[in-house]
Amino acid sequence: MKIVPGNKQFDGSITATTMSLGDALLTRPEISTKVVELFKNTCSLTAYLTSMGKTKKDVTNTDVFKIDNVYGNPKVMWPIIGFPERVVYQAASATQLNGATVPTSYAAGTEYYLYIDSPYFNPNDIITTTNRQVQLFIKGEGTMITPTKWRYKFVLNLSNSTDIVPASLLAQGEQLGRMATKFPELSLTGYESHNYPEWYSNRMCIQRLKASISGSAFKSKLWIEHNGKYMYWNHQEANLMRKAHLYRENDIIYGKATTDVNDTTFVYDEDGKPIVSGDGIIEQMDYSLRRKYTLESDGTIDPNYFEDMMQDIKIMANHEGVLELVVAGGNGAITAFHKTMRNIYKYEPSVITKRNSKGLEIGTDFMAYYLNGVRLIPLECSAMDAPNLPSKPNSLTGRANESYRMLLLNTGITSTGDNNVEMVTLGNGQGNRAFTRKVINGMESLTDSEVASTSLDGLAVQVLMESGVIVRNPFSCGMLEVID
C-alpha cells in the first residue's frame, strides 16, 4: 500500500466507481494492518513487524496464551522462553542459625541460614556464588519468612576445614545460582523445579484519536494504491491515521505498565476509571541486556559493545544456525553503526560499481552485515528521532542523545514456532480491536444520506486501537544507550 505521488487531482467522475479507503477499512478490515505501510518512514518498526507477519489478532486462551480480560484489566500472559535455570538474589545477608548474627566470614563444616527472594532451591542443590569456586550445599526445604524472603539451611561445599568465605559473597543483593545436585546412595527422591517457563503478564493499551473534517476540507483527497487497485482517502483522515500509528509505535517501544504483577493499577482518570497499559519492548528486556556505550571521536562505536551483546543474545536465544538481529535505532545510531561496519568490512569500490545510462555509480546501501555468526539488519527507527519528544543534545555531535539509542531485536521464530517479537490484540468475540474506525456524519457524510448525527459543517472520524507487544524471550533482545 502506498500514496500515489504527484498530487493527482481528485476527479469526481472517477470516484463514483472507485472505492474509498475508508469504505474499504469498514468492509475489508483485514487491510487495516497494511495502512501502516503508508507511514513506514514515521513508524518503521511497526511497519517492519507488520510486513514480516509478526502480528497476532484476536488472541484467546491457548497453551501459548492466558487471557484475563475483565473490566479495567485487559491482560494477556505468555510463557517466557529462556535458559532452563536463572539466578536468584539474596534477600538478606546469610546468618548464623540464631537468625540474627551476620558473621564476618563463613567457615567449612558450620551450618548457616541463607535468605533468597523466591522458593527456588531444593534439598541437595549445589549453589554457586559470583566466585564459582565458592559453593554451598542446601540442607532441607526452604521456609517462607515473607513472600519475597525464603530461608534455607546450608553448609559450604568444601573439603578443607581451614577454608573460609568472605561475608561479601553472601551479602544482601548478591547473586546465587544452582550449579548441580549431590545425593547420597539409596536416596529416596529427586526434586522438581517448575520455574521455567515462567509466565509474563502484560496489558493491552487503548488509544483513541478523533479528526473533525470541515465541509470544505472534505474535498481534499489522496490517491492510494493497494495491490494494483486505486482508492481515495481524505487528507485529514490520513493525517489522523499517521498520528495514531505514531503513538502506537512509541508505545510498543517505550511503553511502561501502569498495573503491577498483583493487578494493582496506579493510574486513574478524572472519573476514577483505571488507565491500564503494559510494557513495551524495552521494559520487557532483561536488565542485564540494557547497556551503555560511548561514541568514538570519529562518530563510530567500539565494535566490542555490540559484539559482546550479540554473543550474549546468541547464547540465550537457543538458536541454531545464523542468528538474525534487527538493529533498530535512531538516525544517529544507525549512521554510527554503518560507519563502524564500513571500518570492519574494508571494501574495493569495484565490488559495488554499477553502470547506468549516464555513467558509472559507486556505492550502494548495505542491507545486512554478518558478524561472528550473527546477521545484523539495520533499521532506522523514526520514533527515536521524533522532533516533538525531548532529548538532551549529545556533547560530541550536537544531535539528540535519543537518536543514538540502539535496540538489538531477535525477531525470528522461537523453538515453539512462534514469533519472538510480536504485536498482539485480544479478541472480544466481535469486531477488530486492533483497529476500529467510525464516522460520525454531520452536514457531510461518506454516503448520500439525508440523516446527520450532528449539525457539524462536515463530519468526524474516530479511530480506536487496543494492542500490545510481546517479547517471548527477554534474554534475546538487548539495548545500547549512549553515555554522554
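Of all residues in region 279-298, those satisfying the criterion of being within 30 Å of Pro79 (Cβ to Cβ), surrounded by 11 or more Cβ atoms within 10 Å (Cβ to Cβ) and either out of contact with any Cys (no Cβ under 8 Å at 6 or more places or on another chain) or at pLDDT below 85 (or both) are Asp279, Gly280, Ile282, Glu283, Asp286, Ser288, Arg290, Arg291.
Rundown of residues vs (1) hydrophobic (A, V, I, L, M, F, W, C); (2) in a helix (DSSP H, G or I), yes/no style:
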position	(1), (2)
Ser297	no, no
Met309	yes, yes
Asp312	no, yes
Glu324	no, no
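For region 217-233, state whether one or more residues are within 30 Å of Gln133 (Cβ to Cβ), in contact with a strand residue (DSSP E or B) (Cβ under 8 Å, 6 or more places away or on another chain), modelled with pLDDT under 85 and of a type outside the set (A, V, I, L, M, F, W, C). No, every residue in region 217-233 fails to be within 30 Å of Gln133 (Cβ to Cβ), in contact with a strand residue (DSSP E or B) (Cβ under 8 Å, 6 or more places away or on another chain), modelled with pLDDT under 85 and of a type outside the set (A, V, I, L, M, F, W, C).
Among the residues of region 417-433, those identified as over 25 Å from Arg291 (Cα atoms) and either at pLDDT 70 or above or not in a loop (DSSP other than H, G, I, E, B) (or both) are Gly417, Asp418, Val424, Thr425, Leu426. Condition first: modelled with pLDDT of 85 or more and of a type in the set (Ser, Thr, Tyr). Now tell me which residues in region 331-390 satisfy that. Scanning region 331-390 gives Thr335, Thr340, Ser382. Looking across region 250-269, just one residue is part of a loop (DSSP other than H, G, I, E, B) and aromatic (Phe, Trp, Tyr), and that is Phe266. Residues of region 468-484 that are surrounded by fewer than 23 Cβ atoms within 10 Å (Cβ to Cβ) and not aliphatic (A, V, I, L, M): Pro474, Phe475, Glu481, Asp484. Can you tell me which residue in region 163-183 is modelled with the lowest pLDDT, limited to those that are β-branched (Val, Ile, Thr) and closer than 18 Å to Gln96 by Cα? Only one residue tops the list, namely Ile164.
Filtering region 118-141 to residues that are buried (at least 17 other Cβ atoms within 10 Å of the Cβ) and of a type outside the set (A, V, I, L, M) leaves Tyr120, Phe121, Asn122, Pro123, Asn124, Asp125, Thr128, Thr129, Gln135, Phe137.
Just one of the numbered conditions (1) in a loop (DSSP other than H, G, I, E, B); (2) out of contact with any helix residue (DSSP H, G or I) (no Cβ under 8 Å at 6 or more places or on another chain); (3) crowded, with 16+ Cβ neighbours inside 10 Å is not true of Gly272: (3).
Looking across region 450-466, just one residue is within 21 Å of the chain's Cα centre (by Cα) and surrounded by 23 or more Cβ atoms within 10 Å (Cβ to Cβ), and that is Met465. One residue stands out in region 399-416 among those that are aliphatic (A, V, I, L, M) and modelled with pLDDT of 85 or more: the one that is farthest from Met316 (Cα to Cα), namely Ala400.
Selection of region 102-134 for residues being assigned to a strand (DSSP E or B) and within 21 Å of Ile145 (Cβ to Cβ) yields Tyr106, Tyr112, Tyr113, Leu114, Tyr115, Ile116, Asp125, Ile127.
The values are calculated or read from the model by the stated rules, or taken from the named source; none is laboratory data. Computed from a predicted structure; not experimentally measured. Reconstructed Cβ throughout: ideal geometry from the backbone, glycine too, with neighbour counts over all protein chains shown.
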